[in-house]
Structures are given as structure tokens and as C-alpha cells.
1. On C-alpha positions alone, give me the angle between the axis of helix 420-436 and the longest principal axis of the chain, in degrees, nearest 10.
2. Can you list the lysines whose alpha carbon sits under 23 Å from that of residue 91, skipping same-chain ones fewer than 8 residues off?
3. In Å, what is the Rg of the alpha-carbon atoms in segment 13-60, and how long is Dmax?
4. What does the highest-first list of 317-324, 83-90, 244-251 look like by mean Cβ count within 10 Å?
5. Lysines within cross-link reach of residue 39: Cα-Cα under 16 Å, excluding same-chain residues under 8 positions apart?
6. What ranking do 410-417, 7-14 get when scored by the average of other Cβ atoms within 10 Å per residue, highest first?
7. Return the aspartates and glutamates within reach of residue 438: Cα separation strictly under 17 angstrom, same-chain partners fewer than 8 residues apart disregarded; answer none if there are no such residues.
8. How high is the relative contact order of segment 99-155? Use alpha-carbon pairs under 8 Å, at least six apart in sequence, and give a whole percent.
Amino acid sequence: MKSYEVNFDGLVGPTHNYGGLSYGNVASQSNSQQSSNPKEAALQGLAKMKALMEMGFQQGVLAPQERPDVAGLRNLGFSGSDAQVIEQAAKQAMPLLVASCSASSMWVANAATVSPSADTADGRVHFTAANLNCKYHRSIEHPTTSRVLGAMFADQKHFAHHAALPAVAQFGDEGAANHTRFCREYGEAGVEFFVFGRSAFDTRYPAPQKYPARQTLEASQAVARLHGLSDDGVVYAQQNPSVIDQGVFHNDVIAVGNGEALFYHEDAFLDTEQMLVELQGKLAKRGGNFKAICVPRSQVSVEDAVRSYLFNSQLLSRADGSMLLIVPQECQNNDRVWQYLQGLTSSGGLIREVKVFDLKQSMQNGGGPACLRLRVALNETELAAVNPGVIMTAPLYDTLTQWVDKHYRDRLSETDLADPQLLLECRTALDELTQILKLGAVYPFQIN
Ligand code: SUG
């Protein structure tokens with residue numbers, strides 16, 4: 001049966017702003033307080049979705065969330081009407097209001113970890129929503145994420161959904177940003193590769209000194225158990241703590257995999273040799289031929305990798321078996337990275353083509369092409385069981401760009417977040433969006 005990797009991209013929400021909320025994420029910290037352009041952000045994301053669809057890839061869309069999160073602010077003690085809750089929060093605790101307004105759900109690589117049916121014990125596609133409990137503004141995403149994923153992948157015959165792991169740091173889980181899958185064909189059993197930043201219970205693993213390690217080994221192991229993965233189809237590896245301290249807050253900032261290939265920086269992992277041997281051996285048992293493409297630090301430093309987001313690219317399979325890399329424009333702006341990419345594509349290796357996208361609005365918060373998409377490998381039957389409303393088509397692209405033009409502001413600064421009108425605009429837009437994407441009621445304002 002035919003199988004596909006479907007990229008579901010996060011649609012940027014109407015409150016996209018630069019809150020400086022992510023300690024350890026260099027871009028988020030350095031662009032704090034700048035004014036943002038939510039309309040441009042959403043259109044940049046949609047342009048990437050359209051381009052991939054036109055290149056012949058299966059493309060889907062994942063809806064944004066209701067912000068400001070008034071219900072969350074009520075849980076923190078603010079009361080009265082929605083407008084009063086926002087007003088009080090703005091007066092008494094502006095950082096909480098800013099966190100409650102983040103459009104961070106756009107980075108759907110963090111929405112969930114997904115295991116395709118060929119890997120799981122019960123033959124269904126498994127999803128575990130990520131608890132994202134390292135940061136408050138991200139920890140509030142998973143209840144709505146679960147409802148949206150449930151509405152997109154509703155057929156229980158094919159899809160199994162797990163709630164987020166316990167909301168404590170010991171089970172810190174950031175979803176697919178720390179998970180890659182290797183396989184010969186998307187529909188065949190593969191090897192799932194879980195990368196963690198620290199262990200919560202085992203002191204033998206080193207931890208970063210400066211910035212938080214968001215993903216724990218124990219969280220990754222729990223996800224693998226929930227999904228019914230077999231030991232011979234799983235590899236765990238530790239991210240190098242020193243790169244976390246240099247701003248690599250997710251593994252997808254320093255490595256990307258697809259098919260049989262892993263494209264990674266020389267300093268990305270601890271015990272790299274042992275890890276490569278295990279990946280090679282386990283993939284060989286699945287009939288695959290593992291290919292490691294290492295970028296040496298002598299050509300691209302970790303700092304350049306973090307600045308350019310070279311590894312936060314999408315590695316895609318082309319019909320002739322070669323691969324294409326979708327990179328952010330910041331790669332072209334960095335001479336060393338661009339030179340490296342020229343050499344890579346002209347060397348006759350696996351990666352033959354690079355395509356550049358302007359995603360600056362998201363990039364300034366530390367979200368590149370790979371952060372903006374959740375990969376779901378599906379066979380033909382499973383693809384047919386996905387809610388068709390969320391599959392990108394030319395008419396859907398047109399409808400969504402018109403929807404963005406109608407509802408989004410083109411400038412948002414911190415003071416605008418205190419405007420209760422913004423909540424109304426967001427709800428009006430999302431109410432219409434649930435109809436466009438045929439999601440049903442998934443937002444707190446629709447179900448409470
Ligand atoms: O969690 N930025 C996100 C970026 C997530 C990128 N995702 C992947 N690498 N997969 C984060 O740090 C910044 C929001 C702000 O500062 O306003 C933010 O949440």
C-alpha cells in the first residue's frame with residue numbers, strides 16, 4: 001500500500017507577538033518586546049504550506065489556539081468578566097498576560113509525538129500530546145491540542161490518542177521536536193529515535209549548566225511505552241548538554257532526519273559513535289541502510305547553526321530517491337552556512353536541492369521550518385480517514401489567506417495585548433476557522 005509523510009503545519013494565531021518568554025531560546029530572548037506582525041506571520045506560514053503542496057507533498061494544517069487564555073488566567077486568581085480578567089492581569093501581572101497571549105502553538109513540532117501504525121503494537125497511529133511543562137505559556141497548549149488532534153484524526157480504528165504526560169519537570173516532554181523516525185519506506189516498520197536533554201531519575205547522565213533541558217529520558221521512555229513500540233525499533237540518545245547551553249533548546253535545532261538519513265551537527269549528541277552504530281544496526285534489521293550526514297564544526301559552528309537554523313530545516317524525499325532541504329532565509333544570510341549548503345548540494349550526495357523560505361516572523365521567536373510542522377506518516381487508508389477539512393488544497397489556501405486578511409492585525413505590541421477587543425477578534429476568527437477546517441467545537445469559548 002502507498003504511504004506518505006504528511007506535514008501538518010501550525011497556522012499562526014492572531015496574537016503572535018514577541019514576549020521574550022523562552023529562557024534558553026536565543027531568538028525569543030533577543031527579540032523580546034519588538035512589535036510583531038501577526039498577519040505577515042500567518043501568510044509566511046501559509047506560503048510554505050502552499051509551496052510544499054505544489055511540489056507534490058501531502059500537506060495539512062493545524063489550527064491555532066484561543067488567546068489570551070482567559071480560562072488560564074482565572075485559574076491563577078483573576079476574576080470578573082473576560083474584559084476584567086484581562087484588565088486586572090495587565091495591571092497586576094503583565095508577564096502572566098503576555099504568557100497567556102502567546103501564539104506559541106504555531107510550533108506544532110512540539111504539539112505531540114507521533115508513531116506511525118507500522119511501528120506500534122496495535123497497528124494504529126499513536127499520538128501523545130506534549131505537556132511542554134518547561135514554560136507556562138507552552139504548558140497551557142496541550143488540552144486544546146488534544147481536542148484539535150482528536151478532531152483531525154477522529155477514527156479510532158486507525159488513530160489512538162494519549163493525554164499529555166504528568167505535568168511535572170521529571171516528565172518534561174516537548175513532542176516531535178526531540179523525535180525522529182528512520183525507515184526505508186514510510187509505511188514500513190522503522191526505528192524511532194528519541195533525543196533527551198537530561199534524566200530526571202538517573203544521576204549518571206550529565207545536564208546542562210545554564211539553560212534548561214526540556215526533554216527528559218523518562219518522558220521519552222513513557223511515550224515509547226504508551227505507543228507500544230518494540231525495543232528493537234527504538235533508540236535513545238542524549239543531546240550534548242553543552243549545545244543546550246549554547247541555545248539548542250530542542251534537538252530539531254541541531255539535527256533533522258528523514259527516511260534513512262540523519263543530517264546533524266558534529267556536536268549535537270553525546271556518545272555519537274555508539275548512537276550511530278545502534279541506529280545503523282536497528283535500521284538494518286528493518287531492511288534499511290542508515291546514512292549519517294555530519295556537518296563538521298570546522299565548517300559550521302554551533303553558534304552559526306543556532307543563528308541560521310540550518311538544522312531546523314525540513315528534509316524531504318524526492319521522487320528520484322534524493323532529498324530536498326527546506327531552509328529559512330537566515331541560512332542564506334549567513335555566508336558560512338550558505339557556502340556549506342552550496343558544497344553539500346553540488347557534492348553529488350543525498351541532499352541535492354535547497355529551497356529557501358522567508359519565515360522571519362516565526363524565526364524571531366526561535367521557530368523555523370521544522371518547528372512549524374508536525375510529521376505524520378500515514379498509509380493510503382489512514383490518509384483517507386483524516387478529516388478532509390485539514391488537508392491543504394488550492395481552494396483551502398485561498399480561503400485561509402482571505403480569512404487571515406480579514407481577521408488579523410498587522411502590528412501587535414505588548415500594550416495591545418491588554419486590549420479586550422483582541423480576545424473578541426481572536427474568538428471571532430477561530431469560530432469561523434473551525435467551520436472552514438470542519439473541526440467542530442474545540443476551543444474553550446465554544447465548549448464552556
Ligand atoms: O518553545 N518559542 C518557542 C519556539 C519553539 C520552536 N520549536 C521547535 N524547535 N520545534 C519555544 O521556545 C517564544 C515565545 C515568545 O518569546 O514570545 C517561544 O515560545
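Please treat every number below as a calculation from the coordinates, not as lab data. Treat the numbers as computed from the prediction; the structure is a model and nothing was measured. FYI the Cβ positions are ideal-geometry reconstructions off the backbone, even for glycines, and counts take in every protein chain you see.
1. For 420-436 against the chain, the angle is about 50 degrees.
2. 135
3. That works out to 14.0, 39 Å for Rg and Dmax.
4. Packing proxy ranking, top to bottom: 244-251, 83-90, 317-324.
5. Straight-distance partners of residue 39: 48, 360, 406.
6. Numbers: 410-417: 16.0, 7-14: 26.6.
Order by mean packing, descending: 7-14, 410-417.
7. Output for residue 438: 9, 66, 155, 398.
8. Reported relative contact order: 29 percent.
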